[in-house]
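The structure appears right after this line, and notes come after that.
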Amino acid sequence: MVTHIEHLPNELWFSIFSYLEAHDLFRAFINLNNYFDELISSRHLLYNVQFNKNDDHSRFISITYCSSTEILNRIISLQWIAKPRYGYLPQFFNKNISEFTRLRALRIEIHPRQTSLICKIFSELNSLEYLSVKSVTIHTLLIETIFTIPCLHICELINSHVMRNIECSFVRQSNIEVLYLTNISIDIHSITETFFDHMPKLKRLEMFGSTQTFKTLISWIVNQIFILEKIPMIKLKCKSNRVTIVFF
């Protein structure tokens, strides 16, 4: 039986589906009827996938049980804000990395012990345009790998409680245009000027800190003024009292 809703153009359905998270899309429309099965399997439909803190292993399995090439190479956005110690995503990524050919946006929380594996994965994601990484410790290896992602334009580093002696020894320069440093600590002074030397296209720098580190951040910016003056927009935000300072 064909309903009136099935007379809508496929393009309209693809537009509607683009607002749905992949798990919700599959749960609502797979096996509903042949019409929707064909729509979901169409190469024109791209997927947004999310795993949140309250999601368990079964939710992970629900998306990977159908992890054929036809599914994975149509994922354009992936958000993994789950407990990093589980390690499901890094292992799954590493196994299927060649299939994520169109992944444009990735938000991930990692454990410091996963850094080497994550860097190996990042080096294969050549279509990535947006990357958000949350980790207790930000290693130089992670920074260097992020800088080498060719299409990356927006980068966010979150909960970087340890960012000491970040030195970038390679020659290649990054294409990053927007950089967010969130919950950075008083160790910001240990970030050397070479950190920014490798981002010649940087147009916007935003730093988010607590009231305890606010004065330290201001002092750091003032001390780095001759280096940072090349950046058109610099914003410093204090998350506790919502103070925002725009330097340029």
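The values are calculated or read from the model by the stated rules, or taken from the named source; none is laboratory data. Everything numeric here is computed off the predicted structure, so don't read it as measured data. Backbone-built Cβ (ideal geometry, glycine too); neighbour counts: all protein chains shown.
In this structure, Gln50 does satisfy being in the same structural domain as Ser15 (by TED's automatic domain parsing), under 19 Å from the mean Cα position of the chain (by Cα), under 30 Å from Pro9 (Cα atoms) and at pLDDT 70 or above. Condition first: crowded, with 19+ Cβ neighbours inside 10 Å and more than 18 Å from Met199 (Cα to Cα). Now tell me which residues in the stretch 135-146 satisfy that. Hit for the stretch 135-146 is Ser135, nothing else. Of all residues in the stretch 80-91, one or more are within 29 Å of Arg113 (Cβ to Cβ) and either at pLDDT 85 or above or assigned to a strand (DSSP E or B) (or both). Of the residues in the stretch 231-245, at least one is surrounded by 14 or more Cβ atoms within 10 Å (Cβ to Cβ), more than 21 Å from Ile110 (Cα to Cα), of a type in the set (D, E, K, R) and at pLDDT 70 or above.
Looking at the stretch 2-32 only, could you name the residues that are of a type outside the set (Val, Ile, Thr), in contact (Cβ under 8 Å) with a residue 24 or more places away in the chain and not in a helix (DSSP H, G or I)? Those that are of a type outside the set (Val, Ile, Thr), in contact (Cβ under 8 Å) with a residue 24 or more places away in the chain and not in a helix (DSSP H, G or I): Ser18, Leu20, Glu21. Checked against the criterion of being modelled with pLDDT under 90 and of a type outside the set (Ser, Thr, Tyr), the stretch 117-133 has no qualifying residue. When each of Ser160, Ser210, Ser185 is tested for being small (Gly, Ala, Ser), at pLDDT below 70 and over 30 Å from Lys120 (Cβ atoms), the lone residue that passes is Ser210. Residues that are buried (at least 16 other Cβ atoms within 10 Å of the Cβ), among the β-branched types (Val, Ile, Thr) and over 9 Å from the mean Cα position of the chain (by Cα) within the stretch 96-111 comprise Ile97, Ile110, listed in sequence order.
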